[in-house]
Amino acid sequence: MSWSTPLAERVINLKPSPTLAVDAKAKALKAQGADIVNLSAGEPDFDTPGHIKDAAIKAIRQGFTKYTPVAGIVELRQAIIDKLKRDYHIEYKTDEVVVSTGGKQGLYNCFQAILDPGHEVIIPVPYWVSYPAMVELAGGRPVFLPSEAKNDFDIDMDRLCSLVNNRTRALIINSPSNPTGAVYSSSTLRAIGQMAVEKGIYVITDDIYDEIRFDGKGPENPVSLFEEAREHVIIANGVSKTYAMTGWRIGYLAGPQPVIKAATKIQSQSTSNPNSVAQKAAHAALSGPQECVTDMVKAFRERRDFMVERLNSIPGIRCNVPQGAFYVFPDVSSFLGKSADGFEIKGSLELADYLLEKAKVACVPGIAFGDDRFIRFSYATSKEQIDEGLNRIEAALGNLS
Ligand SMILES: *Cc1c(COP(=O)(O)O)cnc(C)c1O
């Protein structure tokens, strides 16, 4: 009998993460000896600060290598509670926080905990690549809310409200944003909190870049601006971006106790506790000195200034000045429809491919984030690499006609 290796429909329809795919292609080309400038990175280029590594080494030496409570060790949850109090002026209890294997798992558990088949989740475009897939894996349906660069990718509240119906379960926001770097204003965040209460839906706030911002303001969230929204807001965050700890895999959720309990239950039947040693490291990150964060943010800011100015000097590119994260998301639509050297630039995917093949610069096409008019460059790399990358990009774009 022939065996057709059947697979579940949910995975057949699932697309692999396009950002990780671009990164893998760039790394493979580099391994083959190609001189690639990688502007596609989705993680800080800095090393994890020494005091954080030391805490992990100490934990290993002390034999802190066994299962921990599923929701994470209490001292880490307390450090998270202290951070949320410090930054958002809101008090969470220990059973309102769950630590997961990266912010990504926290978000995944969250959707699994709140969505039934047919429930809709409103996702502003451009969006982080994993939101639609995570919603679909939980049986939900993504509903997209477009935004415009000329409004700095702000949320159009009227348009948002028009998308809410009795199937709507949640809105997810990400400020500062990956891919745009845009930061929602306090008034937008407050309006979102008010809307959630009024309409009776959840707001999931992906705050993973909350401390990487350049406008001089601290982290903000709908709950810090409209406390009545507390029972509606589910905070997703982690240490990956703020402390250059992507490989350690520690993230968390904070929110209404029933949601956190449900997310913890899912975690208890899937992955159990996040890595014990990494939890100790995350504790050191959140409760230790914060100068490392200030230093990294300062470096990102300098690179942002350099990159935006240089990009806007390239004919045909228009780039906003992002106020957070470590990405720029310039409008490159003026190059679509052009061609050179047998490359036909039909969309952002072809443009990214052209830049990789001809300029040897890796970047992520806007289509991966739901908007084909743009392209994402990361500045989580050295200034020399950014400079070299932009010189190559300018030359390659200049050849298109
Ligand atoms: C990096 C990132 C995450 C989560 O990262 P983890 O490494 O899983 O903690 C979540 N959301 C966005 C928008 C990100 O860019």
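The values are calculated or read from the model by the stated rules, or taken from the named source; none is laboratory data. What you are looking at is a predicted structure, and each value in this text was computed from that prediction instead of being measured. Because the Cβ atoms are built from the backbone with ideal geometry, glycine has one as well, and the counts that use them run over all protein chains shown.
Hey, does segment 240-248 have a residue that's among the aromatic types (Phe, Trp, Tyr), surrounded by fewer than 24 Cβ atoms within 10 Å (Cβ to Cβ), in contact with a helix residue (DSSP H, G or I) (Cβ under 6 Å, 6 or more places away or on another chain) and touching a residue at least 12 places away in the same chain (Cβ under 8 Å)? No, because not a single residue in segment 240-248 is among the aromatic types (Phe, Trp, Tyr), surrounded by fewer than 24 Cβ atoms within 10 Å (Cβ to Cβ), in contact with a helix residue (DSSP H, G or I) (Cβ under 6 Å, 6 or more places away or on another chain) and touching a residue at least 12 places away in the same chain (Cβ under 8 Å).
Among residues of segment 176-193 that are at positive phi, those with a beta-carbon under 6 Å from a residue that is within 12 Å of the ligand (Cβ to nearest atom) and outside any helix (DSSP H, G or I) at least six positions away or on a different chain give the pairs Gly181/Gly324; Gly181/Ala325; Gly181/Tyr327.
Filter segment 200-209 down to the residues that are in a loop (DSSP other than H, G, I, E, B) and either surrounded by fewer than 22 Cβ atoms within 10 Å (Cβ to Cβ) or more than 16 Å from the ligand (Cβ to nearest atom) (or both) and list them by number.
The answer is Gly200, Ile201.
If only residues of segment 39-59 that are of a type in the set (Gly, Ala, Ser) and away from the ligand (no atom under 16 Å from the Cβ) are counted, the one that is surrounded by the most Cβ atoms within 10 Å (Cβ to Cβ) is Ala56. Is it the case, given these coordinates, that Ala284 is more than 16 Å from the ligand (Cβ to nearest atom), farther than 30 Å from Tyr202 by Cα and either part of a helix (DSSP H, G or I) or among the acidic types (Asp, Glu) (or both)? When the stated conditions are applied, Ala284 passes them.
To keep it simple, each residue is scored yes or no on (1) in a helix (DSSP H, G or I); (2) closer than 30 Å to Asp154 by Cα; (3) of a type outside the set (A, V, I, L, M).
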residue	(1), (2), (3)
Val183	no, yes, no
Met195	yes, yes, no
Glu211	no, yes, yes
Pro219	no, yes, yes
Ser224	yes, yes, yes
Ala236	no, yes, no
Gly247	yes, no, yes
Ser270	no, no, yes
Lys280	yes, no, yes
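The set of residues in segment 92-121 that are closer than 30 Å to Ala41 by Cβ and either surrounded by fewer than 22 Cβ atoms within 10 Å (Cβ to Cβ) or away from the ligand (no atom under 16 Å from the Cβ) (or both) comprises Lys104, Gln112.
Checking the structure you have, find out if any residue of segment 365-380 is surrounded by fewer than 21 Cβ atoms within 10 Å (Cβ to Cβ), within 21 Å of Ala26 (Cα to Cα) and not hydroxyl-bearing (Ser, Thr, Tyr). Checking segment 365-380: at least one residue is surrounded by fewer than 21 Cβ atoms within 10 Å (Cβ to Cβ), within 21 Å of Ala26 (Cα to Cα) and not hydroxyl-bearing (Ser, Thr, Tyr). From the list Ala229, Ala244, the one residue that fits, being within 20 Å of Val97 (Cα to Cα) and either away from the ligand (no atom under 13 Å from the Cβ) or not basic (Lys, Arg) (or both), is Ala229.
Taking segment 51-98 as the search range and keeping residues that are basic (Lys, Arg) and assigned to a loop (DSSP other than H, G, I, E, B), which one is farthest from Lys261 (Cα to Cα)? Looking at residues that are basic (Lys, Arg) and assigned to a loop (DSSP other than H, G, I, E, B), I get Lys66. Answer yes if at least one residue in segment 254-264 is free of Cβ contacts under 8 Å to residues at least 12 places away in the same chain and not β-branched (Val, Ile, Thr), and no otherwise. Yes: one or more hits.
The condition (being surrounded by fewer than 19 Cβ atoms within 10 Å (Cβ to Cβ), modelled with pLDDT of 95 or more and within 14 Å of the ligand (Cβ to nearest atom)) is satisfied by just one residue among Val74, Val125: Val125.
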